[in-house]
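Visitor: What follows is a single structure, and I will ask about it in a moment.
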Amino acid sequence: MRKQSGLIAFVALTGVSVLASFTPAGSQTYKADDIVKHFGPAAAAPKPVATRGLCVGTEAECAKAGHAVEVAKPPSAFDLVVKFKYNSDVLEPDAKLNLDEFAKALKTPQLSSQTFMVEGHTDAAGTPGYNLNLSQRRAQAVVRYLSDHGVNTAKLVAKGYGQSRPVVTDPLSGDNRRVETRLRTE
């Protein structure tokens with residue numbers, strides 16, 4: 001049996017790639033317009049990449065030889081705070097406020113054709129099987145809430161990862177108890 005007072009989870013909306021950063025727990029809220037701007041067509045379109053040419057060496061050596069060197073930068077993150085009670089898949093009031101704005105954004109013409117992954121995670125307390133189930137329930141709770149607020153569930157894919165993808169080194173940290181949402185790319 002798992003026991004502890006509270007749980008803070010994060011829904012990180014990150015365009016195409018893995019979560020880049022966390023926002024400390026708090027009562028930060030977001031507006032649908034901010035979400036639309038982050039995920040709108042201009043943000044979702046991949047930037048052209050030069051694929052011809054190869055330089056073997058350090059960045060400085062390649063630049064000196066006249067090769068354009070572009071260092072990959074982590075994607076910008078859009079963090080949305082979602083709170084759960086420990087060992088629960090019930091959304092807290094603050095989470096619902098942010099998910100209401102997310103639902104509004106997903107129903108706009110700019111985002112209505114996009115598909116989003118909704119990925120649940122847990123810390124390492126409890127058995128791997130239990131945590132996998134709990135993470136799936138958390139992801140499904142977000143999808144269910146968005147569906148109840150008019151979002152087409154065909155555009156939401158819920159998946160639980162249990163404790164397999166921690167974002168901090170302490171496997172029992174509350175930061176590992178979260179739901180992440182990102183644009184689906186495949």
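Visitor: Look at the range 145-183 and say how many of its residues are under 13 Å from F102 (Cα atoms) and either assigned to a loop (DSSP other than H, G, I, E, B) or more than 17 Å from the chain's Cα centre (by Cα) (or both).
Guide: 6
Visitor: Continuing with the same structure: Look at the range 117-137 and say how many of its residues are in a helix (DSSP H, G or I) and closer than 17 Å to F39 by Cβ.
Guide: Result for the range 117-137: 0.
Visitor: Check Q114 against each of (1) assigned to a loop (DSSP other than H, G, I, E, B); (2) buried (at least 19 other Cβ atoms within 10 Å of the Cβ) and name the one condition it does not meet.
Guide: Every listed condition holds for Q114 apart from (2).
No value in this document is a laboratory result; all are computed from the given coordinates. Just so we're clear, the structure is a prediction, and the values are computed from it rather than from any experiment. All Cβ positions, glycine included, derive from the backbone under ideal geometry; neighbour counts span all protein chains shown.
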